[in-house]
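Notes for the one structure printed next.
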Amino acid sequence: MIAAALSPKTEPIAGGFTHIDRRSDKVDRSPVARERRRRLSDPKWIASILNETHTAARTMRDCGIDQLRQHTGRLKQYLRSGIATDDQRLLTLAGAGVLESIRQATGLDLFDVQLHAGIIVSCSAVAEMQTGEGKTLAGVLPAYVHALAGRGVHVATTNDYLASRDRERLTPIFERLGMTTGLLTDSDSLSQTRAAYEADVTYAAGHVFGFDYLKDQLTLAQQASGPVGSVILNRLRGNDPDASLRQRPLHAAIVDEVDHVLIDDAVSPLLLSSSSQGEAADAAIHLQANALGQELQADRDFVVDQKAGVVELTAAGFDRCYTDVTMAVDRQLIRPWHEYVVLALRAAHLFQRDVHYVTAEDKVQIVDPSTGRIFEDRTWSDGLHQAVLAAENLPITPETEPLAKITRQRFYRQYAMLGGMTGTARGCEKEFAFVYGLPVATVPLRLQSRRQVQAESISNTESDKIAAIGQETESLNRQGRAVLIGTLNIAQSLCVAEELSRLGLDFELLNGVQDANEAAIISKAGRSGAITVATNLAGRGTDIVLDEHVRRLGGLHVIVTERHSLARVDRQLIGRCARCGDPGTARFYTSADDALITKHAPWIRRAILRRTEDRSSVSNSWDKSLARVQHSQQSKATSMRLQMLKLDHETESLLDTSQSPEGCWQL
């Protein structure tokens with residue numbers, strides 16, 4: 001029956017999607033998103049695929065591995081006949097094979113919400129699927145469907161640990177279907193990298209795909225700069241120039257936590273650079289600039305704009321810099337002397353240890369402002385990293401030399417197929433559509449949510465707020481509840497940890513490095529009496545399993561110590577409780593000292609301080625006011641990213657791509 005349904009002569013069903021080239025050079029891809037949204041918004045179309053998939057899966061129940069692989073072979077033949085990957089019949093039969101393979105490999109039956117999400121992503125869209133609903137298994141269908149073309153599928157995760165974990169879990173499923181999987185890391189050799197890309201489905205952290213792309217562009221540029229005819233001559237001699245390339249042409253990408261990878265991370269481009277060992281030639285100059293910066297007085301010699309993240313010297317400060325004229329002609333200068341002083345002032349007044357960075361092993365490691373993750377291999381550019389090293393009295397290493405860069409927007413726009421999943425796409429619909437041509441479709445909850453967001457706690461000062469958090473945690477701990485305390489940064493985690501220690505409470509403190517150890521700690525956060533302190537998105541992608549005692553008491557309680565500038569991050573945090581029909585509670589804590597308020601809403605600070613209550617009080621109006629501030633910050637961030645994309649597009653149109661393959665910026 002299945003073989004007949006897959007006859008190559010079968011015509012696409014009426015009304016199927018037409019192929020849309022995502023590599024169009026138009027900046028605005030909203031029309032692509034509208035084309036996709038029309039079908040995905042039809043509940044009858046989704047329901048028909050779900051019903052037909054289950055019917056087909058029943059005919060395959062308990063079939064052997066050889067039969068599953070033959071099924072894949074027939075689907076490949078069907079696709080080669082010219083059928084689109086979003087054809088209903090193809091999605092139905094591919095879904096049936098995936099359902100049976102998952103059942104055989106794991107003993108699990110895929111829920112309809114997981115299959116629904118997989119259909120959405122298969123159709124080049126973003127599936128908004130709430131936390132705990134099973135995004136990992138939902139991603140198997142779109143990876144399988146697009147791997148049928150034989151051109152490779154890239155599954156991008158937020159970090160190396162999740163890529164390794166997902167590949168290990170899902171490989172038995174893909175193997176039953178006759179598909180191979182690969183895994184990439186930053187430290188892989190060329191041969192290991194090429195082997196991973198030859199697999200049908202390749203897993204890696206999102207940035208790894210981008211950097212491998214840049215490395216290939218450098219290789220192509222070097223080949224193009226050789227003598228005329230050298231490429232042809234090498235081929236005639238049996239030396240294939242493509243053997244030195246890592247990737248095949250970009251075909252399909254499926255992005256986990258797609259809002260973080262495609263939007264939050266898009267504020268900084270992918271920059272490939274080289275570095276030298278030893279001490280920087282201008283190390284002594286950075287140290288002198290740091291010393292002078294400590295002598296300068298704010299407002300008299302320089303002004304700091306915390307909102308814009310800018311430090312400017314006044315006329316008096318500029319003159320002070322050049323009191324010693326010998327600094328202006330130092331032979332080791334690689335920029336004007338006063339710019340070193342500005343860098344030192346930025347390091348002192350705009351960057352805070354355990355907030356923007358941490359120090360370890362005589363190095364400065366950058367902290368992701370959105371997630372609190374620590375990046376051991378990233379550095380700031382243009383001398384800023386060296387200025388921070390000088391401020392911390394650490395060995396000052398040479399600046400990295402930029403080789404090539406590309407914005408994340410332009411890199412991911414080059415995939416012929418792009419899709420992803422997240423639990424927090426709401427609020428990003430327009431940006432997904434404009435930049436990537438991706439519509440957002442919401443997957444309904446499998447079970448009704450039992451989450452209760454309790455009244456917000458408002459405090460006058462940060463210390464009062466931390467004390468109130470400690471009191472609630474102690475009270476819940478006595479009851480046997482499990483508590484997860486989400487903080488905005490590492491410094492705040494340390495303050496909370498100090499208060500919990502003062503109260504004599506046992507707790508786990510996560511350090512911002514996403515690895516197997518962190519995942520293990522987060523997975524135990526649902527046990528009775530467990531107290532876990534972590535930055536907002538620590539352990540993202542790891543399920544928190546409640547023990548029965550905690551479930552009876554009301555589930556996991558999540559404390560939000562401070563609102564993030566992005567409401568999506570707060571929603572992700574409170575989404576750690578009450579998953580899959582479990583009970584759970586959450587509470588937001590706010591003080592007049594919170595960064596969001598002091599930097600962007602001083603009128604809220606004044607209103608809080610005018611209150612007559614001591615310590616904490618509750619008002620529903622605070623929530624609405626802060627939500628408006630967060631919306632404003634989201635809009636500003638979106639405008640900045642869109643401006644970056646437009647500038648990138650304009651620059652690309654001016655470049656001669658024959659000198660710069662694929663329009664990659666050669667610096």
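Counting pairs of alpha carbon atoms under 8 Å apart in space and at least six apart in sequence, what relative contact order in percent does the chain give? Mind dumping the intermediate values first?
Values: 1189 pairs, mean separation 103.6, N = 667.
Relative contact order comes out at 16 percent.
Using only alpha carbon pairs under 8 Å that are at least six residues apart, calculate the relative contact order of segment 296-393 and give it in whole percent.
19 percent
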Please report how far the C-alpha centroid of segment 623-641 lies from that of segment 135-211, rounded to the nearest whole angstrom. 35 Å
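By average Cβ neighbour count within 10 Å, what is the ranking of 498-505, 526-533 from highest down? Let's see the in-between values first.
Details: 498-505: 14.2, 526-533: 21.4.
Sorting 498-505, 526-533 by mean packing, highest first, produces 526-533, 498-505.
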Applying the Karplus parametrisation 6.51 cos²θ - 1.76 cosθ + 1.60 with θ = phi - 60° to the phi angles of segment 283-297, what ³J(HN,Hα) value in whole Hz is obtained for each residue in order, glycine and proline being reported as x? 4, 5, 5, 4, 5, 5, 5, 5, 5, 5, x, 6, 8, 5, 10
Among all the lysines, which ones have a C-alpha under 27 Å from residue 524's C-alpha, if same-chain residues fewer than 8 places away are not counted? 135, 465
Straight-line reach from residue 215: which lysines fall under 30 Å, measuring Cα to Cα and dropping same-chain residues less than 8 apart? 26, 363, 405, 646
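Sorting check: for 105-116, 267-278, which peptide has the highest mean count of neighbouring beta carbons within 10 Å, and how do the rest follow? Before the final figure, lay out the partial values.
Details: 105-116: 18.0, 267-278: 13.6.
Descending packing order for the listed peptides: 105-116, 267-278.
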Which order do the peptides 139-146, 551-558, 482-489 come out in when sorted by mean C-beta neighbours inside 10 angstrom, highest first? 139-146, 482-489, 551-558
For the chain, what is the mean residue ellipticity at 222 nm derived from helices alone (per DSSP H run of n ≥ 4: -39500 (n - 2.57); sum divided by total residues; nearest 500 deg cm²/dmol)? -13500 deg cm²/dmol
Grab the other residues whose beta carbon is less than 15 angstrom from that of residue 635, score K and R as +1, D and E as -1, and report the net. +4
Rounded to whole Å and sorted largest first, what semi-axes of the equivalent ellipsoid does the C-alpha gyration tensor of the chain yield via the square root of 5 times each eigenvalue? 43, 36, 22
Phi to ³J(HN,Hα) by Karplus 6.51 cos²θ - 1.76 cosθ + 1.60 over segment 419-432, Hz, x for Gly, Pro: x, x, 9, 6, x, 9, 8, 4, x, 10, 4, 5, 5, 4
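What dipole magnitude, in Debye to the nearest 20, does segment 450-618 give about its Cα centre under +1 on Lys/Arg Cβ and -1 on Asp/Glu Cβ?
On the way: 23 positive and 21 negative charges, 126 e Å.
With only Lys, Arg, Asp and Glu charged at Cβ, the dipole is about 600 debye.
Where nothing but the Cβ of Lys and Arg (+1) and of Asp and Glu (-1) is charged, how large is the charge dipole of segment 82-149 around its Cα centre, in debye to the nearest 20?
Details: 3 positive and 7 negative charges, 28 e Å.
For segment 82-149, the charge dipole is close to 140 debye.
Using only the Cα atoms of segment 450-618, build the gyration tensor, take square roots of its eigenvalues as a ≥ b ≥ c, and label the shape rounded, prolate or oblate: rounded if a/c is under 1.5, else prolate if a/b is larger than b/c, else oblate. Before the final figure, lay out the partial values.
Values: a/c = 1.66, a/b = 1.53, b/c = 1.08.
Prolate is the answer for segment 450-618, as a/c is 1.5 or above and a/b outweighs b/c.
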Projected onto their principal axes, the Cα atoms of segment 276-399 stretch, largest extent first, over whole-Å spans of 41, 35, 19
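Here, each number is a calculation from the coordinates, and none is a lab measurement. Since the structure is predicted, the reported quantities are computational estimates derived from the model, not experimental observations. Using ideal geometry, Cβ is built from the backbone for each residue, glycine included, and neighbour counts are taken over all protein chains shown.
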